1. Restricting to segment B:184-215, name every residue that is away from ligand 1 (no atom under 16 Å from the Cβ), more than 8 Å from every other protein chain (Cβ to nearest Cβ) and not in a helix (DSSP H, G or I).
2. Considering only segment B:227-234, I want to know if a residue exists there that is away from chain A (no Cβ under 14 Å) and closer than 22 Å to residue B:323 by Cα.
3. Considering every residue within segment A:231-243, establish whether at least one is within 30 Å of residue A:97 (Cα to Cα) and surrounded by fewer than 24 Cβ atoms within 10 Å (Cβ to Cβ).
4. Just checking, which of B:218, B:241 is assigned to a helix (DSSP H, G or I) and within 14 Å of chain A (Cβ to nearest Cβ)?
5. How many residues does segment A:166-194 contain that are at pLDDT below 90 and either more than 12 Å from chain B (Cβ to nearest Cβ) or assigned to a helix (DSSP H, G or I) (or both)?
6. Step by step: first the residues of segment A:94-125, then only those that are closer than 25 Å to residue A:75 by Cα and modelled with pLDDT under 90, then the one that is nearest to ligand 2 (Cβ to nearest atom). Which residue is that?
7. Among (1) within 12 Å of chain B (Cβ to nearest Cβ); (2) more than 23 Å from residue A:247 (Cα to Cα); (3) touching a strand residue (DSSP E or B) at 6+ places or on another chain (Cβ under 9 Å), where does residue A:202 come up short?
8. Go through B:292, B:316 for me and flag whichever is away from chain A (no Cβ under 14 Å) and either over 19 Å from residue B:216 (Cβ atoms) or touching a residue at least 60 places away in the same chain (Cβ under 8 Å) (or both).
Ligand SMILES: Nc1ncnc2c1ncn2[C@@H]1O[C@H](COP(=O)(O)OP(=O)(O)O)[C@@H](O)[C@H]1O
Ligand SMILES: Nc1ncnc2c1ncn2[C@@H]1O[C@H](COP(=O)(O)OP(=O)(O)O)[C@@H](O)[C@H]1O
Ligand SMILES: [Mg+2]
Ligand SMILES: [Mg+2]
């Protein structure tokens with residue numbers, strides 16, 4: 001195994017909570033069998049509308065959620081490869097130090113009663129059971145510096161910081177365990193334009209400095225295309241298109257990718273959809289999840305699920321669409 | 001053209017906080033009939049407070065100075081009854097969070113009926129149904145009539161945004177204040193809502209104020225744009241002029257710091273605005289942008305530049321960018 005992470009057929013559904021109008025035993029098929037390979041040192045971008053399964057994919061990768069089907073194989077720092085599984089406590093512990101998850105709303109993950117110093121060290125302290133406390137504190141203090149915070153911020157509380165600064169704290173906390181892979185889930189989505197730029201630059205800097213691999217998730221296609229080497233486009237829990245970032249921007253092939261590009265504010269008002277609705281499958285799919293919105297839909301799209309296949313020789317592009325010709 | 005809304009030297013301070021929050025520090029602008037005026041600025045710059053004041057919606061904790069005239073009527077000279085009657089029939093507002101406009105346990109039908117009865121108490125249930133159906137059709141909600149019995153949570157975010165727009169239009173206002181109505185939505189849905197607002201504006205001859213923190217989004221709908229920063233207007237210009245020939249360095253920074261289509265980290269560095277926005281509880285005496293401004297000099301730190309220029313093309317800067 002040469003790649004850092006090899007994911008095949010990752011599948012996850014949720015029981016819909018029995019709300020006022022929910023039908024009994026309804027499930028949400030959040031991930032419908034996703035394949036994905038992450039190369040060492042690369043940034044893999046994930047894009048898609050809300051509900052498309054990006055967070056579920058991220059949370060499953062770090063095993064905050066257990067997957068139902070499929071495999072996640074990881075190439076560890078010592079060169080051994082193993083399957084990431086809930087039962088495998090020893091490997092999982094190590095995996096969780098090497099693969100860290102940072103998400104959108106840092107205020108919900110940063111306990112307001114703790115100081116920054118506590119926040120940076122508490123998780124790791126529990127894991128090391130008190131051993132090497134001095135080393136841990138030193139690493140955490142170093143982390144503050146790496147994310148552009150001041151040493152004096154150590155004793156302050158999260159509420160004293162702005163949104164962008166809190167995102168820096170969350171990143172510093174992730175760095176404490178010296179991760180190899182950082183999974184960033186909408187880390188800039190709630191930030192103002194000027195602060196967003198600062199955090200994006202910080203991520204690029206951290207990536208260079210520590211040789212990090214990264215999964216970068218956002219709903220803004222232009223930002224994802226900027227940050228990533230390769231981009232995967234999710235819809236309805238399935239991969240619609242995957243391609244090297246530049247290729248995707250130059251020539252999006254899947255009708256859903258095109259829709260995302262055309263909808264961006266920089267593209268001018270040319271929405272051709274008047275009131276189409278997003279879909280998250282609540283039944284096992286019988287066709288393409290995008291079919292109900294697709295301008296190119298034909299009967300086959302409703303009866304046969306399109307599987308990702310290579311388009312163009314050596315391009316590294318995969319498209320799951322019956323209407324896109326294999327070149 | 002005539003002016004439908006004029007705001008003169010608006011200042012809003014929240015005195016409940018210590019020190020008081022100087023949310024808006026002297027803002028003047030006007031909105032012409034049929035025009036769409038954009039307001040752009042990062043969070044905390046005073047956009048919402050300005051919009052709320054314009055709609056006469058500010059709470060009692062806000063100390064308000066200045067003058068706001070809506071279709072010839074000064075908000076300050078009206079009694080609560082007259083204000084209520086202006087809201088809805090003359091001016092209406094839509095928000096980022098549609099849930100603000102709805103009671104979660106009331107059906108759409110009842111919500112529309114109640115809204116219509118504020119201004120026409122004699123409206124019957126049947127009339128309300130007919131009117132609500134027409135309004136929902138107008139915002140392109142399919143099977144409008146059959147959805148009247150639904151509750152707000154049965155709609156997706158984008159759909160609820162449409163319903164909120166329909167509700168805002170129920171009493172045929174001339175002025176629609178849109179406060180980040182697309183910010184929480186997916187880009188695809190955002191594009192639909194912007195297209196809808198443009199369509200309604202043309203069909204109904206609405207005058208609109210459109211607020212967003214995103215300059216590209218504002219530029220899509222606005223004829224003219226105000227750039228807010230630290231509770232002040234830093235620049236005002238027609239949209240194409242603002243984007244192509246900004247005079248205020250902040251405007252240029254805002255435009256340049258967007259991530260451009262086709263740019264990639266391996267070849268194009270990001271253009272950054274360093275630092276962080278000013279604290280509204282401790283405004284500095286100089287230009288609010290001075291601490292972050294690449295062109296700032298001593299004077300910028302100590303002396304607030306005036307908003308200069310002709311109507312519709314103003315900037316606040318001691319050392320403005322040259323006109324090319
Ligand atoms: N814990 C959960 N319980 C029930 N449904 C969930 C849960 N987590 C996610 N979902 C559903 O799974 C789908 C995918 O969600 P998510 O992965 O959060 O998408 P994204 O991050 O792309 O917005 C959505 O329909 C969401 O409502
Ligand atoms: N009710 C309030 N009490 C105290 N401060 C407020 C209140 N409403 C708004 N503010 C403050 O006023 C400033 C401007 O707010 P706002 O107009 O909402 O900004 P924007 O809409 O541009 O993000 C912010 O600093 C905000 O925290
Ligand atoms: Mg998510
Ligand atoms: Mg606001």
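1. B:205, B:206, B:207, B:208, B:209, B:210, B:211, B:212 - these are the residues of segment B:184-215 that are away from ligand 1 (no atom under 16 Å from the Cβ), more than 8 Å from every other protein chain (Cβ to nearest Cβ) and not in a helix (DSSP H, G or I).
2. Taking segment B:227-234 first, the residues away from chain A (no Cβ under 14 Å) are B:231-233.
Right, trim to closer than 22 Å to residue B:323 by Cα and you get B:233.
Looking for residues that are away from chain A (no Cβ under 14 Å) and closer than 22 Å to residue B:323 by Cα, one finds at least one in segment B:227-234, hence yes.
3. Checking segment A:231-243: not a single residue is within 30 Å of residue A:97 (Cα to Cα) and surrounded by fewer than 24 Cβ atoms within 10 Å (Cβ to Cβ).
4. Working: B:241 fails: within 14 Å of chain A (Cβ to nearest Cβ).
None of the others qualify; the one that does is B:218.
5. The qualifying residues number 2.
6. Step one: filter segment A:94-125 for residues closer than 25 Å to residue A:75 by Cα, giving A:94-103, A:123-124.
Now restrict to residues that are modelled with pLDDT under 90: A:103, A:123-124.
Details: A:103: 23, A:123: 32, A:124: 35 Å.
Checking each candidate, the answer is A:103.
7. Result: residue A:202 passes all but (3).
8. It is B:316.
The values are calculated or read from the model by the stated rules, or taken from the named source; none is laboratory data. Model, not experiment: these values are computed from the prediction. Cβ atoms come from the backbone with ideal geometry, glycine included; neighbour counts cover every protein chain shown.
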